[in-house]
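Step one of this worksheet: look at the structure below.
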Amino acid sequence: MIARRTLLAAAALAAPSVGAQGAWSPTRPVRIVVPYGPGGGADTTSRLLAGPMGAALGQPVVVENRPGAGASIGTQEVARAAPDGYTLLMGAMAHLVTPLLMRLPIDYASAFAPLSLVVTLPHVLLVPPSSTASDIASLVAGLRQRPGQVAFGTSGNGTGGHLAAVMLARRAGVEVLHAPYRGIGPALQDLVGERLGFVFATVASAMPLVNSGSARPIAVSSIRRVPVLPDVATVAEQGYPGFEMDEWNGLLLPAGTPEPMLAALHGAVRHAVADPLVRERVAGMGAILEGSDPAHFEDYLATRRPIMTQLVREERITAE
């Protein structure tokens, strides 16, 4: 009997802290795994949230970068982690696209419990200052005059900028050339140097060029206009109803994470997105703060997954 009581006591100490009323609070640091390198959107978003989330949870929230293989290395690490509330994933567009480009040992759709869509990051369609295109209609007209001769730049195959350009070309019925780069910076340099016809870049990447006059914005990829570019119409407003292709960052947990842990972590996210400094920094990134509940994020992923699947397959997009 004594041995049995000792074992039960040890098990209780080792178990996650779930109170009698179903509340949960962590007893050690919580980590956010970012499956990308330092300095990118997902990394920046994670580090903005970490401090206020930690304050709400009463434990530090640490950010760990696990980049590589189309974000699959860090993503699989979280999928295989214990569903105990201590390991979160900061996902992005690659979460939907990577499984379409390579064989993976896990099913992303069932391996995770969505927690919160944290931010969306609209793309801006940029053209060089010398371009005659002032809107989507004039850009498309120019592309039709030079079928298959105008190149657009991206930060790589299957990225948000790539998919946005492919979707626009597909709906407009024009043929364009894809020029993938190692990062959006070199692509934007070649746009400014007039070696590319257009680029879809996130607002954060686009605004320095827009403000300096080095590139001209003619559309945004979100369903609504972007606050920092109120006079730039959406692609949807310019004759392509329903067009939407935003980057995003959202938190996910291993599937099977108990509801009390989801609730506590979501409460911490809500606390973080209400923080004035977080709101100011996110606005400065040109992102739109969401902080959604798990059900909304689950619907968001479920709606976009078949769109990505159809686009990748029909356009025969590959990892290389």
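Here, each number is a calculation from the coordinates, and none is a lab measurement. Everything quoted here is computed from the prediction, not taken from an experiment. Virtual Cβ from ideal backbone geometry, glycine too; neighbours counted across all protein chains shown.
For this structure, a couple of remarks:
- Backbone phi angles across region 187-197, fed through the Karplus curve with coefficients 6.51, -1.76 and 1.60 (θ = phi - 60°), yield HN-Hα couplings of 5, 5, 4, 6, 5, 4, x, 6, 9, 10, x Hz in residue order; Gly and Pro are listed as x.
- GNM on the chain, alpha-carbon springs under 10 angstrom: the most fluctuating residue among Ala133, Ala113, Ala141 is Ala141.
- 17 Å reach of a label modelled at Ile307, 7 Å along Cα-to-Cβ, counting backbone N of region 142-169: 158-169
- For Trp248, residues with placed amide H under 5 Å, excluding near neighbours: Met93, Leu121
- Placing +1 on the Cβ of every Lys and Arg and -1 on the Cβ of every Asp and Glu, with no other charges, gives the chain a dipole of roughly 460 debye about its Cα centre.
- Based on the Kirkwood approach, the hydrodynamic radius assigned to region 123-238 is 13.7 Å, with every pair of different Cα atoms included.
- Relative intensity, log₁₀ I(q)/I(0), of the chain from a Debye sum that treats every alpha carbon as a point, q = 0.07, 0.12, 0.15 Å⁻¹: -0.31, -0.81, -1.18
- Among Leu191, Leu104, Leu252, the largest mean-square fluctuation in a Gaussian network model of the chain (Cα springs under 10 Å) belongs to Leu104.
- Selected from Ala272, Ala295, Met245, residue furthest toward positive end of dipole (region 199-320; charges at beta carbon): Met245
- Fraction of the pair-distance distribution of region 208-296 above 19 Å, Cα-Cα pairs, percent: 55 percent
- Ellipticity estimate at 222 nm from DSSP helix runs (n ≥ 4, -39,500 (n - 2.57)) divided over the chain, nearest 500: -13000 deg cm²/dmol
- The label-point distance for Asp107 and Ala141, in a model that sets each label 7 Å from Cα toward Cβ, rounds to 5.0 nm.
- Our summary gives the chain a relative contact order of 26 percent, counting only alpha carbon pairs under 8 angstrom and 6 or more residues apart.
- Efficiency of FRET between Glu280 and Ser214 - r from beta-carbon atoms, R0 22 angstrom, step 0.05: 0.30
- Each Lys or Arg adds one and each Asp or Glu subtracts one; over the other residues with Cβ under 12 Å from the Cβ of Thr202, this totals -2.
- Rounded to whole numbers, the Karplus 3J(HN,Hα) couplings from phi for region 313-318 are 6, 5, 8, 6, 6, 10 Hz, using 6.51 cos²θ - 1.76 cosθ + 1.60 with θ = phi - 60°, and x at Gly and Pro.
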